[in-house]
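The values are calculated or read from the model by the stated rules, or taken from the named source; none is laboratory data. As the structure is a prediction and not an experimental result, all values here were calculated from the model. Here Cβ is always computed from backbone atoms with ideal geometry, including for glycine, and neighbour counts include all displayed protein chains. When the accessible area is computed, the model is the full protein with side chains, heavy atoms only, and any ligands, DNA or RNA have been set aside. Shrake-Rupley method; radii C 1.70, N 1.55, O 1.52, S 1.80 Å.
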Amino acid sequence: MTVPLKRSDTTTVDVALGDRAYDIVIGRNVLSSLGARVAALRPGVRTAIVTDKTVARHWLAATEASLAAAAIPTSHIIVDEGEGSKTYAGLEKVSEALIAAKIERNDLVVALGGGVVGDLAGFAAAILRRGVDFVQVPTSLLAQVDSSVGGKTGINSPQGKNLLGAFHQPVLVIADTAVLDTLSPRQFRAGYAEVAKYGVLGDEAFFAWLEANHADVFKGGSAREHAIATSCRAKAAIVARDERETGDRALLNLGHTFGHALEAATGFSDRLFHGEGVAIGMVLAAQFSASLGMIPPSDAARVERHLAEVGLPTHLKDIAGFAQEGLADADALMALMAQDKKVRRGKLTFILLETVGRAVIAKDVEPARVRDFLQGKLKV
Ligand SMILES: NC(=O)c1ccc[n+]([C@@H]2O[C@H](COP(=O)([O-])OP(=O)(O)OC[C@H]3O[C@@H](n4cnc5c(N)ncnc54)[C@H](O)[C@@H]3O)[C@@H](O)[C@H]2O)c1
Ligand SMILES: [Zn+2]
């Protein structure tokens, strides 16, 4: 007897936030179910899709077709791709278009894109008519495992990234793993750094699984779905415990204090994608933990080995132009870290490791120790 092939391998992850709970639906081709799911959630709703030019070229027609099949009226707003749209000007453009599209309190905004579109459209929805619900359709790996889950929305100020925003949870997340096939390999790899992060910060068994199965995650298929679902479960659990980041949610910043400073030092340019900065930052956080005697150097080496194996940068010298232009000296990097909004009263908060698979929030880290550590790294 042959066992029939399972037609649909959809995984649903619940984000348990009481009356604001929602589902993350993960699987190949789940985008085609968007219309039916929205119709079930909100009968009679109107929608407006916010997306960027690149994503529109690949996935807008399929998104509109799914909504049309469920007889849901929709319109679309297309912004330029990239961080340059997460600005006051981008917010104005999206907000005015949503008003012109007559999106009312009971309607839905659909964010179709990477983290930029998700943050921008989510924030526009949060402030439109004092709050309209929205659906996330994340199309980058980073957005599927990180930015579309947890309700942080916002834009950048000229004075710093993500300084304006609101907590606004989506009512549904549709993570179609097939849409990642059109993502550039470098963008996919950068998103993978956040996947690995969940293993390093809280799940050694998942990290070991990634060490063994990373090639299949990059290829697609069920390993990719498993990696995305495990990441979403990890994030959903932390968000359910600490929605507003008064405690545990800060663990998700593993690698980000160093990483953000490196992104700022390279001008938030293509020299270093966010996930690439996180990869280097995670290795630095592990090595710094080892230098404080919290983990053996072999644990830091393990983190570094895996990230390097998938082709992520793991050293400061891996940053494009590092050898020619240098980067910044330790003092400049310290100043950039001090500007980070996670810093309080001159003391640095770091996410450090107790072992691979367990991160801790270390408040009051002595800046001098970090400076000395960085000084050493900049010489290598
Ligand atoms: N809200 C949160 O919790 C949170 C968490 C992490 C990051 N972020 C934010 O997310 C942003 C980064 O997100 P990102 O890395 O997705 O960047 P992005 O949205 O700029 O997407 C990266 C690039 O990939 C393209 N792209 C996206 N999906 C594609 C697809 N399926 N096919 C082809 N091209 C595609 C986009 O057009 C863009 O050029 C940052 O602004 C960051 O601050 C937010
Ligand atoms: Zn990140």
Residues whose placed amide H lies under 5 Å from that of Phe134, excluding near-sequence neighbours: Val109, Val171
Volume in Å³ per residue [convex hull over Cα atoms, computed for the chain]: 142 Å³
37 °C / 0.692 mPa s Stokes-Einstein diffusion coefficient of segment 226-310, Kirkwood radius on C-alpha pairs, µm²/s: 231 µm²/s
0 to 90° range, to nearest 10: angle between helix 185-202 axis and the chain longest Cα axis: 70 degrees
Computed [θ] at 222 nm, helices only, for the chain once each DSSP H run of length n ≥ 4 contributes -39500 (n - 2.57): -13500 deg cm²/dmol
For Thr355, distant residues with modelled amide H under 5 Å away: none
Ranking by accessible area, most exposed first, for Arg130, Arg302 with a 1.4 Å probe: Arg130, Arg302
Between helix 367-379 and the chain: long-axis angle, C-alpha atoms, 0 to 90°, nearest 10: 90 degrees
Residue-level accessible surface for Ser85, protein heavy atoms, 1.4 Å, Å²: 10 Å²
Heavy-atom surface of the chain, accessible at 1.4 Å and reported per residue (Å²): 43 Å²
Accessible-area composition of the chain, carbon plus sulfur, in percent [1.4 Å probe]: 52 percent
Accessible area (Å², 1.4 Å probe, nearest 10) - Tyr88: 130 Å²
Accessible area, probe 1.4 Å, largest first, for residues Phe373, Phe134, Phe268: Phe268, Phe373, Phe134
Probe 1.4 Å, all protein chains present, accessible-area order of Glu225, Glu96, Glu211, largest first: Glu96, Glu211, Glu225
Helix 297-309 axis, angle to the chain major axis (alpha carbon atoms, nearest 10°): 50 degrees
Rel. contact order, % - alpha carbon contacts under 8 angstrom, at least six apart, segment 222-379: 23 percent
Amide H contacts under 5 Å for Ile295, placed H, 5+ residues apart: Ala290
Estimated translational D of segment 173-241 in µm²/s (Stokes, Kirkwood radius over Cα pairs; 25 °C; 0.890 mPa s): 198 µm²/s
Added length on full extension, which subtracts the Cα-Cα distance from 0.36 nm per residue, Asp331 to Asp318: 2.7 nm
Simple spin-label estimate for Asp242 and Ala208 in nanometres, 7 Å along Cα-Cβ: 2.6 nm
Principal semi-axes in Å for segment 16-64 [√(5λ), Cα gyration tensor, largest first]: 22, 14, 12
